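Some notes on the structure that comes next.
Each value in this text was obtained by applying a stated rule to the coordinates, not by laboratory testing. Quantities reported herein were computed from a predicted structural model and do not represent experimental measurements. Positions of Cβ are backbone-derived with ideal geometry, glycine not excepted, and every protein chain shown enters the neighbour counts.
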Amino acid sequence: MSESLGAYSNGWATDTTVPVEPKNPKDNEYHPVFKAFLAGSFSGTFSTILFQPLDLVKTRLQNPGQHVVAATVNGRIQPGMITIFASIVRQEHIVGLWRGMVPSIARCVPGVGLYFSSLHWLKAKLGKTRNQDLSPLEAITLGVVARTMSGVALIPITVIKTRYESGVYKYNSLGGALKAIYRAEGLRGLSCGLGPTLARDAPFSGLYLMFYTQTKQAVPKEWLQSPTASSIVHFSCGVVAGIAASLATNPADVLKTKMQLYPDKFPNTFSAAVYIHQTYGVRGYFKGAVPRMLRRTLMAAMAWTVFEEITRSIGLK
């Protein structure tokens, strides 16, 4: 929940109506874009902590070579989701499921905030009124642009997050990881996998926002206006959108993981794609699809639901 409602994560989706300026003078103390950033960051914190184990398992599934012993059952290698989950608990205890929590928060929290605030700003630039819905093309465009902005800004943290979760690298701290990567690989190391990262996150956010807006428009308006049903409707629409967007962008997530873990072996997207196809076939592009789909879908839906409630309470909508 990102491959955030996004999400960013992950990919994220936000409401299709442009918030109006609050009437209360006290609510004008902060710019609406800043409010959107704070609300998005808070929702991102909650969902990131909750669903971190799924992201960890996804990364381990995409890099099974480092966990052959842990994933061996009755002499056969079975790097399945449940097997790796159990292996992490057995070897690293429950706390091991939250390995990489610091870089995850460092990436997802400001990433979600940047995504929501960018969407808010971009929608305002389109001049959409409160009662106007985004068209499918507008939704895709805004989602792609907003996610690209946050993805480029946070690619160094994305690299560290992936390496933390893999178990291949033994970094002691976020700052130490930044210094170690820069010393060994330079700026290129801190931005490796940027192409597939954007190819994963930008389309995810665009597709997510399109699926979300179209699903929401199919729901009776009275359901959205109901205080008791609105959160459930928003969450359900987010789940539907997240499943579709996650499956469509999983191949890019696999490529991103390979390039960020082994930059010397896979200096570009093509080399990683050839290796995956020759080693695993087409199925290799969907390694980790189940935990990624669960995480990104639930994380995106929950982050959006929390964001909606916060923005209402602070007078952003």
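Return the distance in nm (one decimal) between the two label points of a simple spin-label model at residue 125 and residue 91, each offset 7 Å from Cα along Cα→Cβ.
The modelled label-to-label distance comes out at 4.6 nm.
Evaluate the charge dipole of the range 25-313 about its Cα centre and quote only its size in Debye, nearest 20, assuming +1 on the Cβ of each Lys and Arg and -1 on the Cβ of each Asp and Glu.
540 debye
For 149, 299, 210, what's the fewest-to-most ordering of other Cβ within 10 Å of each Cβ?
So the residues, fewest neighbours to most, are 149, 210, 299.
Run the numbers for residue 219 and residue 185: contour at 0.36 nm per residue of separation, minus the present Cα-Cα distance, in nm.
Details: separation 34, 0.36 × 34 = 12.24 nm, distance 5.03 nm.
My answer for the length gained is 7.2 nm.
Considering only the other residues whose Cβ falls under 11 Å of the Cβ of residue 266, what net charge follows from Lys and Arg at +1 and Asp and Glu at -1?
Taking every Cβ under 11 Å from that of residue 266, the sum is +2.
Give the dimensionless ratio obtained when the Cα radius of gyration of the range 25-313 is divided by 2.2 N^0.38 Å.
1.03
For residue 172 and residue 271, calculate 0.36 nm times their separation in residues minus their Cα-Cα distance, and state this gained length in nm to one decimal.
In short, 32.6 nm is gained.
Quick check on packing: order 153-163, 223-233 by the mean number of other C-beta atoms within 10 Å, highest mean leading.
Put in order of decreasing packing, that is 153-163, 223-233.
Consider all pairwise Cα distances in the range 153-240 and report the whole-number % of them above 20 Å. Don't skip to the end; give the middle numbers.
Working: 2084 of 3828 pairs.
Within the range 153-240, distances greater than 20 Å cover 54 percent of Cα pairs.
Under a no-solvent Debye model with one identical scatterer per Cα of the range 197-317, what's log10 I(q)/I(0) at q = 0.16, 0.22 Å⁻¹?
-0.79, -1.17
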